[in-house]
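J.: Provided herewith is a single structure, encoded as structure tokens, for subsequent inquiry.
The values are calculated or read from the model by the stated rules, or taken from the named source; none is laboratory data. These figures come from a predicted structure and were not determined experimentally. Glycine gets a Cβ as well: all are built from the backbone with ideal geometry, and neighbour counts include every protein chain shown. Only protein heavy atoms, including side chains, enter the accessible area calculation; ligands, DNA and RNA are left aside. Shrake-Rupley method; radii C 1.70, N 1.55, O 1.52, S 1.80 Å.
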Amino acid sequence: AQSVTQPDIHITVSEGASLELRCNYSYGATPYLFWYVQSPGQGLQLLLKYFSGDTLVQGIKGFEAEFKRSQSSFNLRKPSVHWSDAAEYFCVCSNDYKLSFGAGTTVTVRA
Amino acid sequence: DSGVTQTPKHLITATGQRVTLRCSPRSGDLSVYWYQQSLDQGLQFLIQYYNGEERAKGNILERFSAQQFPDLHSELNLSSLELGDSALYFCASSVTLAGGPYNEQFFGPGTRLTVL
């Protein structure tokens with residue numbers, strides 16, 4: 001069975017600083033991986049996805065993620081954080097029909 | 001705006017009651033998924049419908065049921081409600097049945113259920 005681990009429950013970062021959110025997956029086959037963001041009081045929005053090819057994936061809002069098969073990781077990064085990036089971020093692994101969500105990482109941005 | 005609508009936005013009810021949550025998928029999407037988000041369980045997949053038929057079940061309780069109608073909207077029915085059913089319930093939709101990277105799920109804003 002597939003599973004996703006996000007080791008960091010909460011991260012605080014200064015505005016303008018870089019951000020990296022960690023994600024490790026466990027899946028027997030080639031994983032389909034996603035990062036979703038949930039802003040306060042909102043639904044989930046897809047930031048980016050990986051399924052094959054280049055291991056560095058670009059997403060919306062200036063985010064990128066790097067797939068490392070050897071480390072079973074799919075970490076999300078942003079070079080310079082804006083206050084509007086304060087949200088909860090979910091790493092997700094997909095099989096044919098089901099999304100398995102990590103527990104989420106809450107990002108707080110301080111001025 | 002994802003194009004997925006959910007009503008109501010908030011629902012407050014008492015234990016033992018029954019409620020119905022409604023979801024309208026994006027135009028053209030045939031698959032509807034229901035998820036439950038709670039503090040202790042996180043985000044969990046409940047059930048999927050495709051073009052009116054149930055296609056996959058996740059961690060859905062027997063007290064819960066869902067259906068998808070000919071116009072493709074879906075309803076999630078929660079009965080004999082317990083305090084622990086208090087959660088945010090999300091609906092998502094996608095174009096096709098198959099999963100994987102070509103079948104992005106678009107999420108609605110959710111219905112917050114509070115059971116008192």
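J.: Taking every pair of Cα atoms in the protein assembly as shown, average 1/r, invert it to obtain the Kirkwood radius, and report Rg/Rh to two decimals.
T.: Values: Rg = 17.5 Å, Rh = 18.0 Å.
On the Cα set of the protein assembly as shown, Rg over Rh gives 0.97.
J.: Also: Which residues, if any, in the range A:87-111 have at least 50 Å² less accessible area in the whole protein complex than in the isolated chain, probe 1.4 Å?
T.: With the partner chains in place, the range A:87-111 has these residues losing at least 50 Å²: A:TYR97, A:LEU99, A:PHE101.
J.: Same structure again: How many angstrom lie between the C-alpha centres of the range B:1-66 and the range A:44-71?
T.: So the separation of the two Cα centres works out to 27 Å.
J.: A follow-up question, please. Counting C-alpha atoms alone, how compact is chain B: give Rg to one decimal and Dmax as a whole number, in angstrom.
T.: Cα radius of gyration and Dmax of chain B are 13.3, 41 Å respectively.
J.: Suppose all protein chains stay in the model; what accessible area per residue would a 1.4 Å probe give for chain B, in Å²? Show your work: numbers first, answer last.
T.: Numbers: 5490 Å² over 116 residues.
Per residue, chain B has an accessible area of 47 Å².
J.: Between chains A and B, what is the buried accessible area summed over both chains (1.4 Å probe, protein heavy atoms, nearest 100 Å²)?
T.: On the way: alone 6040 and 6300 Å², together 10760 Å².
Using a 1.4 Å probe, the pair buries roughly 1600 Å².
J.: Determine the shielding of peptide A:37-43 by partner chains: average, over its residues, the number of Cβ atoms on other chains within 10 angstrom of each Cβ. All intermediate terms of the calculation are to be shown ahead of the outcome.
T.: On the way: counts 0, 6, 0, 0, 5, 4, 13.
Other-chain Cβ atoms within 10 Å of each residue's Cβ, averaged: 4.
J.: Let me ask another. Using packing as a proxy for protection, rank A:61-71, B:37-47, B:21-31 so that the peptide with the highest average count of other Cβ atoms within 10 Å comes first.
T.: B:21-31, B:37-47, A:61-71
J.: Ok, one more. From the C-alpha coordinates alone, can you work out the Kirkwood hydrodynamic radius of the range A:35-88, in Å?
T.: Hydrodynamic radius (Kirkwood, Cα only) of the range A:35-88 equals 12.0 Å.
J.: About the Cα centre of chain B, how large is the charge dipole given +1 on each Lys and Arg Cβ and -1 on each Asp and Glu Cβ? Please answer in debye to the nearest 20.
T.: 160 debye
J.: For the range A:38-111, what % of the accessible area comes from carbon and sulfur atoms, probe 1.4 Å?
T.: Heavy-atom surface of the range A:38-111 belonging to carbon and sulfur, 1.4 Å probe: 49 percent.
J.: If N is the number of residues in chain A, what value comes out of its Cα radius of gyration divided by 2.2 N^0.38 Å?
T.: Working: Rg = 13.3 Å, N = 111, 2.2 N^0.38 = 13.2 Å.
Cα-based Rg divided by the globular estimate yields 1.01.
J.: Of B:LEU61, B:GLY42, A:ILE9, which is farthest towards the positive pole of the protein assembly as shown's charge dipole, taken about the Cα centre with +1 and -1 on the beta-carbons of Lys, Arg and Asp, Glu respectively?
T.: A:ILE9
J.: Return the subset of A:LYS49/B:LYS9; A:LYS68/B:LYS57; A:LYS68/A:LYS98; A:LYS61/B:LYS57; B:LYS9/B:LYS57 for which the Cα-Cα distance in this structure is over 26 Å, preserving the input order.
T.: A:LYS49/B:LYS9; A:LYS68/B:LYS57; A:LYS61/B:LYS57
J.: No other cysteine beta carbon under 4.7 Å away is the test; run it over chain A and list who passes.
T.: A:CYS93
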